[in-house]
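Visitor: Mind looking over this structure? Questions follow.
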Amino acid sequence: MAKEKWLTDNLCALGDRVRIERGPQVVELDCTDENLDDRVTPRRYAKGRRDALGRLIQPDEAVAELQGKLQRLGAGEPAEGVVKAIGEITAAKALDDALERPHVAASGKMAVIDDKARHKPWLWKVYQLQAGQEFNHRTGEVQTRERFVKVKELQGLEKALEHARKLAKGD
């Protein structure tokens with residue numbers, strides 16, 4: 001049987017190939033100004049930024065708001081940051097469009113990591129070390145690499161430990 005080793009209060013290793021970790025859930029919220037408020041979701045979820053699934057949040061609205069801000073700036077006021085932000089959002093949107101990736105529209109749903117458990121409680125996540133292939137952009141080769149992959153999310157430490165022990169025993 002794999003030995004349990006608690007690395008932190010929220011992270012336990014069972015041998016070398018199985019871990020459990022307590023962490024936040026990804027929740028789906030309506031993409032509204034109210035839900036984009038910092039009191040509802042973390043600051044990283046804003047117009048022109050990406051949601052938890054990597055989709056741009058309201059990119060057209062973000063560019064329009066920044067262009068309005070640019071027009072309101074008086075002569076001689078620094079505008080480089082605003083111009084740079086417009087360029088970055090426009091380039092990201094063009095890339096996503098070319099790759100046919102969806103965006104989050106104002107009336108759509110956005111995925112948010114609920115860090116503070118405002119919407120759903122934290123869960124215990126069971127991870128297992130698995131081999132997978134990935135493309136190395138430096139060398140241009142496909143390489144096999146081992147990494148921990150989430151296999152299950154459970155409520156309650158005992159359930160998570162029981163599942164992790166079964167996985168560790170099966171290795």
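The values are calculated or read from the model by the stated rules, or taken from the named source; none is laboratory data. The shown structure was predicted, so the numbers you read here are calculated from the model rather than taken from an experiment. Virtual Cβ from ideal backbone geometry, glycine too; neighbours counted across all protein chains shown.
Visitor: If SER107 passes every condition in (1) farther than 30 Å from LYS169 by Cα; (2) loosely packed, with under 13 Cβ neighbours inside 10 Å; (3) without any contact (Cβ under 8 Å) to a residue 40 or more places away in the chain but one, which one does it miss?
Guide: Of the numbered conditions (1) farther than 30 Å from LYS169 by Cα; (2) loosely packed, with under 13 Cβ neighbours inside 10 Å; (3) without any contact (Cβ under 8 Å) to a residue 40 or more places away in the chain, the odd one out for SER107 is (3).
Visitor: Also: Going residue by residue through segment 49-71, is there one that turns out to be more than 30 Å from LEU161 (Cα to Cα), out of contact with any Phe, Trp or Tyr (no Cβ under 9 Å at 6 or more places or on another chain), in a helix (DSSP H, G or I) and of a type in the set (S, T, N, Q)?
Guide: Among the residues of segment 49-71, at least one is more than 30 Å from LEU161 (Cα to Cα), out of contact with any Phe, Trp or Tyr (no Cβ under 9 Å at 6 or more places or on another chain), in a helix (DSSP H, G or I) and of a type in the set (S, T, N, Q), which makes the answer yes.
Visitor: Okay, moving on. I want to confirm something. Restricting to segment 12-37 and keeping residues that are exposed (fewer than 15 other Cβ atoms within 10 Å of the Cβ) and free of Cβ contacts under 8 Å to residues at least 12 places away in the same chain, which single residue is nearest to LYS169 (Cα to Cα)?
Guide: This residue is ASP37.
Visitor: So, one more: Give the residue, chosen from GLN130, GLN58, that is at pLDDT 90 or above and assigned by TED's automatic domain parsing to the domain that holds GLN155.
Guide: Every option except GLN130 fails the conditions.
Visitor: What are the pairs with Cβ atoms under 6 angstrom where one residue, in segment 132-160, is without any contact (Cβ under 8 Å) to a residue 40 or more places away in the chain and within 18 Å of ASP16 (Cα to Cα) and the other, located anywhere, is surrounded by 10 or more Cβ atoms within 10 Å (Cβ to Cβ) and among the hydrophobic types (A, V, I, L, M, F, W, C)? Sequence gap at least six, or different chains.
Guide: From residues that are without any contact (Cβ under 8 Å) to a residue 40 or more places away in the chain and within 18 Å of ASP16 (Cα to Cα), the pairs are GLU146/LEU129; VAL151/VAL126; LYS152/VAL126.
Visitor: Among the listed residues ARG118, ARG138, ARG101, which satisfies the condition of being part of a loop (DSSP other than H, G, I, E, B) and surrounded by 14 or more Cβ atoms within 10 Å (Cβ to Cβ)? Give the steps one after another, and end with the answer.
Guide: Numbers: ARG118 fails: surrounded by 14 or more Cβ atoms within 10 Å (Cβ to Cβ); ARG138 fails: surrounded by 14 or more Cβ atoms within 10 Å (Cβ to Cβ).
ARG101 is the lone residue from the list that is part of a loop (DSSP other than H, G, I, E, B) and surrounded by 14 or more Cβ atoms within 10 Å (Cβ to Cβ).
Visitor: Of (1) assigned by TED's automatic domain parsing to the domain that holds PRO59; (2) at positive phi, GLY108 satisfies all except one. Which?
Guide: (2)
Visitor: Among the residues of segment 38-48 satisfying the criterion of being surrounded by fewer than 17 Cβ atoms within 10 Å (Cβ to Cβ) and without any contact (Cβ under 8 Å) to a residue 40 or more places away in the chain, which is nearest to the chain's Cα centre (by Cα)?
Guide: By that ranking, first place goes to ARG44.
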